[in-house]
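Participant: There's a structure below that I have some questions on.
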Amino acid sequence: MTNKDDEINKTIHNLCGELKPMGCFNPNWRAALWIILVLTYTVAVATTIGFRENIAHAMNRGEFVFELLLAFGTGITAGLVTFWLTIPDCERYKKFIAVPVTLLAVQLVWMFDRLYFEGMGDIRENWLSHCWMNTALYTTVPIFAVVLLVKKGATVMPCALASFAVLSVSEFNWIGMRLVCPKDNVGEAYFLNFLPYVVIGLLAGFLAKKLFRW
Amino acid sequence: MGLRCDVYKSMDASLSFSQKPLYSLPMAYQSEEQDIVWQQLAKKAQSGDSAAYRELLGSIVPVIRRSLSRSLPSSDIIDDVVQEVLLSVHKALHTYSADRPFLPWLMAITSFRRTDYLRQHYAARGNKQVSLENVDLPDYLNNSESAAQIKDVEKALDSLPEKQKEVVELLKIKGYSTREVSEKTGLSESAVKVTMHRALQKLKEKLA
């Protein structure tokens, strides 16, 4: 036996010595836990900030409900994909990646369609103040929760995982913003309330490999 | 397969524990049956059975090694990555679901660690480094053709004006930067570049 063989044998001995009974990591349970947590949190924050005054009127508008449902579908599926990517043999789940990506594409087409026909609309002057504060409030807990829950896993696709985590967090919190922000024009709803998530996404992209290293 | 198992069992019994090479005895992955064995071993390992874990780790080493040997150049590197994969299997064992095949889970980790290694290797320009033991330099002293070429280059260099010769020696032979050559010769940096360019032109004409 060579030195390298000895080293491998020693490694195996050491690893066997460190072995302890362990609970199985179930990505579905974690995804369910995270989705329940983020939904509860989003509703709680919206209630605390206060729902928009025209919420009843907005809920009667078909396109508003469509936007919310589209964001909800994207958020749920992106959340599930995020947790499915936390296990090494995630190959079998890769086909589901098409679902949130397709929903996101529909959302972008919808946004550009509205931008083309309606224009940007009025954007308030003090846009940097409460909108971004609300966004920060909406995102903090979900981001910490998803990082904590995901770090227990062992991903072999850290960048894709981070992307879907950001997408999921963004969608849920965009729904939260729609519940509290009375303005639905493209400028406010899609650009102003969307930009913070782009920033978060970029940061997450840079940090993904270090954050989810194992 | 049954016969092979018997052979391994008899080999196993004939070796004392300290002599036993842990990973070479069990057979490499050959069939779905092997995967089922691994699934059972992994399940036992998850419940804390270290004997099953030892058997599992021992039996996957040849499989990992064979998978890595297709894309990594030397056995030393392969063994290093095998150890990385074993550590990763240990860290990620809780993510394995015993009702799923074991091999795809293992291969995903192996591939991830191999990519990790190659990324670091290329980032550190490891592919462009050669260890001092393996340097393959031509023997200029004993090779008459090379010696003649060197003499031609030396003659061409001697024929250059003094300033150009000095710049070529400092910049191309001793490896100084343009700024350092500028400080040593008192020429400006752009003058050093122009001198070097002219010297190379002359050398090219003489050696053509």
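The values are calculated or read from the model by the stated rules, or taken from the named source; none is laboratory data. The model shown is predicted, which means the values in this text are computed figures rather than measured ones. All Cβ positions, even for glycine, are placed from backbone atoms using ideal geometry, and neighbour counts span all protein chains on display. Side chains included, ligands, DNA and RNA excluded: accessible areas come from the protein's heavy atoms. Shrake-Rupley method; radii C 1.70, N 1.55, O 1.52, S 1.80 Å.
A quick yes/no check of all residues on (1) assigned to a loop (DSSP other than H, G, I, E, B); (2) hydroxyl-bearing (Ser, Thr, Tyr); (3) under 30 Å from A:Cys24 (Cβ atoms); (4) open to solvent by less than 40 Å² (accessible area, probe 1.4 Å):
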position: A:Ile87; (1), (2), (3), (4): yes, no, yes, yes
position: A:Tyr93; (1), (2), (3), (4): no, yes, yes, yes
position: A:Ile97; (1), (2), (3), (4): no, no, yes, yes
position: A:Pro100; (1), (2), (3), (4): no, no, yes, yes
position: A:Met111; (1), (2), (3), (4): no, no, no, yes
position: A:Met120; (1), (2), (3), (4): yes, no, no, no
position: A:Cys131; (1), (2), (3), (4): no, no, no, yes
position: A:Thr135; (1), (2), (3), (4): no, yes, no, yes
position: A:Leu149; (1), (2), (3), (4): no, no, yes, yes
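Participant: For A:Thr82, state whether it is at pLDDT 90 or above, assigned to a helix (DSSP H, G or I), of a type in the set (Val, Ile, Thr) and open to solvent by 80 Å² or more (accessible area, probe 1.4 Å).
Facilitator: Judged against the criteria, A:Thr82 is not a match.
Participant: Output the number of residues of segment A:157-214 satisfying the condition of being within 30 Å of B:Arg114 (Cβ to Cβ) and open to solvent by 50 Å² or more (accessible area, probe 1.4 Å).
Facilitator: So the count comes out to 10.
Participant: Where residues in segment B:87-111 are facing chain A (nearest Cβ under 8 Å) and within 20 Å of the chain's Cα centre (by Cα), which of them is surrounded by the most Cβ atoms within 10 Å (Cβ to Cβ)?
Facilitator: Top of the filtered list is B:Ile109.
Participant: A further question on this structure: Sort through A:Ile123, A:Ile175 and tell me the only one that's touching a helix residue (DSSP H, G or I) at 6+ places or on another chain (Cβ under 7 Å), more than 30 Å from A:Pro88 (Cα to Cα) and at pLDDT 90 or above.
Facilitator: A:Ile175
Participant: Could you look through segment B:36-48, keep only residues that are without any contact (Cβ under 8 Å) to a residue 40 or more places away in the chain and hydrophobic (A, V, I, L, M, F, W, C), and pick out the one that is nearest to the other protein chains (Cβ to nearest Cβ)?
Facilitator: B:Leu41
Participant: Considering segment B:77-86 alone, what residues qualify as being open to solvent by 10 Å² or more (accessible area, probe 1.4 Å) and at the interface with chain A (Cβ under 7 Å from one of its Cβ atoms)?
Facilitator: B:Asp79, B:Gln83
Participant: Related question: Pick from A:Leu148, A:Leu161: which is without any contact (Cβ under 8 Å) to a residue 12 or more places away in the chain and either away from chain B (no Cβ under 14 Å) or out of contact with any Lys or Arg (no Cβ under 8 Å at 6 or more places or on another chain) (or both)?
Facilitator: The unique qualifying residue is A:Leu148.
Participant: Follow-up question, since we're still on this one. If we keep just the residues of segment A:1-42 that are among the β-branched types (Val, Ile, Thr) and either open to solvent by 80 Å² or more (accessible area, probe 1.4 Å) or in contact with a Lys or Arg (Cβ under 8 Å, 6 or more places away or on another chain) (or both), which is nearest to the other protein chains (Cβ to nearest Cβ)?
Facilitator: A:Ile12
Participant: Can we say A:Phe72 is part of a helix (DSSP H, G or I) and within 14 Å of chain B (Cβ to nearest Cβ)?
Facilitator: no
Participant: Can you tell me which residue within segment A:45-59, out of those that are open to solvent by 50 Å² or more (accessible area, probe 1.4 Å) and assigned to a helix (DSSP H, G or I), is farthest from A:Pro142 (Cα to Cα)?
Facilitator: Per the stated criteria, the residue is A:His57.
Participant: OK, next. Looking for something within 12 Å of another protein chain (Cβ to nearest Cβ), modelled with pLDDT of 55 or more, open to solvent by 50 Å² or more (accessible area, probe 1.4 Å) and in a loop (DSSP other than H, G, I, E, B) - is there at least one such residue anywhere in segment B:49-68?
Facilitator: Looking through segment B:49-68, at least one residue is within 12 Å of another protein chain (Cβ to nearest Cβ), modelled with pLDDT of 55 or more, open to solvent by 50 Å² or more (accessible area, probe 1.4 Å) and in a loop (DSSP other than H, G, I, E, B).
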